Amino acid sequence: MNKKRLIIIGAGGVGNVALRKSARMEDIYEEILLASRTKAKCDAIAKEAGPVPVSTAQVDADDVEALVALIKSFRADVLLNVALPYQDLSIMEACLQTGVHYIDTANYEPPDVAHFEYSYQWAFQDRFKEAGLTALLGSGFDPGVTNVFTAYAAKHYFDEMHYLDIVDCNAGDHGKSFATNFNPEINIREITQNGRYFSEENWITTDPLEIHQSVDYPRIGAKESYLLFHEELESLVKHYPTLKRARFWMTFSEAYITHLRVLEDIGMTSIEPVTFQGMQIQPLQFLKAVLPEPSSLGPNYKGQTSIGCQMRGIKDNKERTCYIFNNCSHQMAYQDTKAQAVSYTTGVPAALGASLVARGIWNRAGVNNMEQFDPDPFLEELGPLGLPWEVVVDGKLAFGL
Ligand code: NDP
């Protein structure tokens, strides 16, 4: 295989992990360019990454022309977008104009409405297909690995899958009274919107954090978990029409929810602009500026995350349950990439998804979600890359790395 040229856009928590992991793939990449809004952040990460040579650049990823010029001058084959969801469409447009494959980890959101759906990106389907280019959407952990776990269970363990619960626990402690684990603006927008889940052919809307229950996480124990809408539900329900119900659950501590409620009550999580000293500012963006950078949480983070898919359905005319999950330690993540586990569990699958597309192992012209590809090659490499996973069938361990 000819070695490939990879551009990574975004030098935050996830960009740091994706770059360090990709730069160790010397059989796949000839050179990597890390580009973001703030070049100094790219330089700080790049100087510790290798052995693949890494160069850096400043770019405004909202500007299609600037992106096109950068992609052309670097002669990229593949682009990994780990900037913010607001940049997805401009980056996809630039990939089409330059003939480059596209990978991201989060679906497009319009900056002025907290609205998560794939329609904006699925609308690029015909153009990517005609160009013979692969777009891989949502190659993080959730979305991402959770879609692949679902596809793997559908392929190997079920004839028909009926119930899906994606369960996401962060049982880590970073020692701060309030901080978010990834971009605070995106995180708070996600949590403060209405909950939504799929049941018997309908989408049911709930108040924010209205439904919660205790979920037992492997090697962690019971944790209160809150029903949220998460974007992979939309594509999984579309691609697995036998699903009768699909829900997403995430843990939050009581202290986190209390902080969030206070911030909401006083208007600090609003995305409606307000006038402050003659300037228009968005309260949520201001809040982001005063909260700790997610990438700064790593050194003191202890404990682990556990994210997985709990499924129920039919195999050989019998009821069956299947739970596939990964537990990831914050300290291991920090030792490997100087990042906490939330950035790690996103950056590792982002680097892996990009490498499968770069090698042509995942090659499907058009705009695709993760579950539309064969899950086996992805899961063969996920454990060795740092995220081992386990399968429990009918309550018994069936496979573990
Ligand atoms: P950060 O805020 O830490 O990093 C975002 C980076 O993008 C920053 O370096 C920022 O630049 C850069 N950026 C923002 N706007 C632009 C722009 N217009 N042009 C160029 N660069 C820009 O976020 P994270 O690393 O935590 O998250 C990255 C992505 O990963 C997000 O889309 C997030 O939603 C997604 N994610 C996905 C998960 C999954 O499991 N699927 C889980 C967690 C995150 P600057 O440094 O100047 O601010």
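A short reminder: the numbers here are calculations on the coordinates, not readings from a lab. Every value quoted in this text rests on a predicted model; they were computed, and no experiment measured them. So basically every Cβ, Gly included, is an ideal-geometry build from the backbone, and we count neighbours across all protein chains shown.
Details
- Listed peptides 24-30, 305-311, 339-345 by packing density, highest first (mean Cβ within 10 Å): 339-345, 305-311, 24-30
- Distance in nm between pseudo-label sites at Ile266 and Asp43 (7 Å out along the Cβ direction from Cα): 3.7
- Order of Glu231, Glu254, Glu264 under a 10 Å beta carbon neighbour criterion, fewest first: Glu254, Glu264, Glu231
- Bridgeable aspartates and glutamates around Lys4 (alpha carbons under 12 Å apart, same-chain partners fewer than 8 residues away excluded): Glu26, Asp27, Glu30, Glu31, Asp77.
- Candidates Lys41, Lys302, Lys318, ranked by Gaussian network fluctuation over the chain, Cα under 10 Å, top entry: Lys318
- For a label point 7 Å along the Cα-to-beta-carbon line of Arg75, residues of the range 15-29 with backbone N under 18 Å: 28-29
- Over 24 Å apart at the Cα level, from the set Lys39/Lys288; Lys39/Lys129; Lys155/Lys238; Lys223/Lys315; Lys223/Lys288; Lys338/Lys396, are Lys39/Lys129; Lys223/Lys315; Lys223/Lys288; Lys338/Lys396.
- Each of Leu387, Leu291, Leu236 has some number of other Cβ atoms within 10 Å of its Cβ, and from fewest to most they run Leu291, Leu387, Leu236.
- Antiparallel DSSP beta bridges within the range 163-257, as percent of all bridges there, nearest 5: 75
- In the range 285-377, Cα pairs under 8 Å separated by at least six residues give a relative contact order of 22 percent.
- Computed [θ] at 222 nm, deg cm²/dmol, the chain (DSSP H ≥ 4; -39,500 (n - 2.57); rounded to nearest 500): -9500 deg cm²/dmol
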